[in-house]
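First up is the structure itself, then whatever we jot down about it.
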Amino acid sequence: MTLDEIRAQIEEIDAQMKLLFLKRMECARHVAETKAQTGGDVFVLEREISIIERRAAGVTEAHDEYEMFLHGLMNLSRRYQYGLLKGMQDKVIADVLAAAGLDEKKEHSQVTVRFVCDGADSDLNLFVDMAKLNKVPIETMSLKTEDGVQNVVMTLSGSLKAEGMRRLLCQMGKEAGNFAIMALS
């Protein structure tokens, strides 16, 4: 095969993947609608691990890359669902603000959050990716690992009024350990 023939084949595959991706997001929308009615969680770690193991079984060539692809696809699906679940966003944000004694109405352009990750199986890259996917710039970030636990503090640029910020904070609030909003500045 020539390089042009290989590229044509890749374009054909990408066109098929686009249709399947859109179909998968439609299914994710239906899942979010059901979870809005039942109050179910978007992220269930054990279920996600089981699904990835099952779907990656039998993949020998590029196995690690396929698992990474599945992780990324599931992260995008969860991001999409959190964006649809406005009631969940409101509750997560209201709860962490109340716990911190902060007022959402206070004028601010930055939100400082903290959370923890298991150092051995760190999801820190996931949370950094979430910020990027939601178009929320990370102004500062500090990381300190103690006894195998990563303690993370991030200052995010933007307001709690912004859709991307609300979606990001909802996802972090549901998926990060000991998530808290520390300051609005």
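The values are calculated or read from the model by the stated rules, or taken from the named source; none is laboratory data. Only a predicted model underlies this, so the values are computations on that prediction, with no experimental measurement involved. Every residue, glycine among them, receives a Cβ derived from its backbone with ideal geometry; neighbour counts consider all protein chains shown. For accessibility, only protein heavy atoms count, side chains too; no ligands or nucleic acids. Shrake-Rupley method; radii C 1.70, N 1.55, O 1.52, S 1.80 Å.
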Next item on the list: Scan the range 128-138 residue by residue and report those that are touching a helix residue (DSSP H, G or I) at 6+ places or on another chain (Cβ under 6 Å), outside any loop (DSSP other than H, G, I, E, B) and open to solvent by 30 Å² or more (accessible area, probe 1.4 Å).
Entry: 133, 138
Margin query: Restricting to the range 139-151, and then to whatever is closer than 21 Å to residue 109 by Cβ and not charged (D, E, K, R), can you tell me which residue is most open to solvent (accessible area, probe 1.4 Å)?
Written below: 141
Check: Which of (1) farther than 27 Å from residue 168 by Cβ; (2) open to solvent by 60 Å² or more (accessible area, probe 1.4 Å) does residue 26 not meet, given it meets every other one?
Finding: (1)
Item checked: Scope the range 1-17; condition open to solvent by less than 100 Å² (accessible area, probe 1.4 Å) and in a helix (DSSP H, G or I); matching residues -> 5, 6, 8, 9, 10, 13, 14, 15, 17
Next item on the list: Give the residues of the range 73-101 that are assigned to a helix (DSSP H, G or I), out of contact with any Leu (no Cβ under 6 Å at 6 or more places or on another chain), open to solvent by less than 40 Å² (accessible area, probe 1.4 Å) and in contact (Cβ under 8 Å) with a residue 40 or more places away in the chain, sorted by residue number.
Entry: 73, 75, 77, 78, 81, 82, 83, 88, 89, 92, 96, 97
Item checked: In the range 142-185, the residues that are in a loop (DSSP other than H, G, I, E, B) and among the hydroxyl-bearing types (Ser, Thr, Tyr) -> 159, 185
Notebook entry, point to check: Can you tell me which residues in the range 108-127 are assigned to a strand (DSSP E or B) and not polar (S, T, N, Q)?
Noted result: 111, 113, 114, 115, 116, 117, 118
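Given the criteria at positive phi and under 16 Å from the mean Cα position of the chain (by Cα), does residue 86 qualify?
So residue 86 does not fit the description; no.
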Note to self: Which residue is surrounded by the fewest Cβ atoms within 10 Å (Cβ to Cβ), if the candidates are limited to the range 46-72 and must be aliphatic (A, V, I, L, M) and free of Cβ contacts under 8 Å to residues at least 12 places away in the same chain?
What the structure shows: 57
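Here's the yes/no breakdown for (1) within 28 Å of residue 173 (Cβ to Cβ); (2) over 18 Å from the mean Cα position of the chain (by Cα):
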position	(1), (2)
18	no, yes
30	yes, yes
39	yes, yes
48	yes, no
60	no, yes
66	no, yes
Item checked: Conditions (1) within 14 Å of residue 167 (Cβ to Cβ); (2) without any contact (Cβ under 8 Å) to a residue 40 or more places away in the chain; (3) not aromatic (Phe, Trp, Tyr); (4) not in a helix (DSSP H, G or I): number failed by residue 42 -> (2)
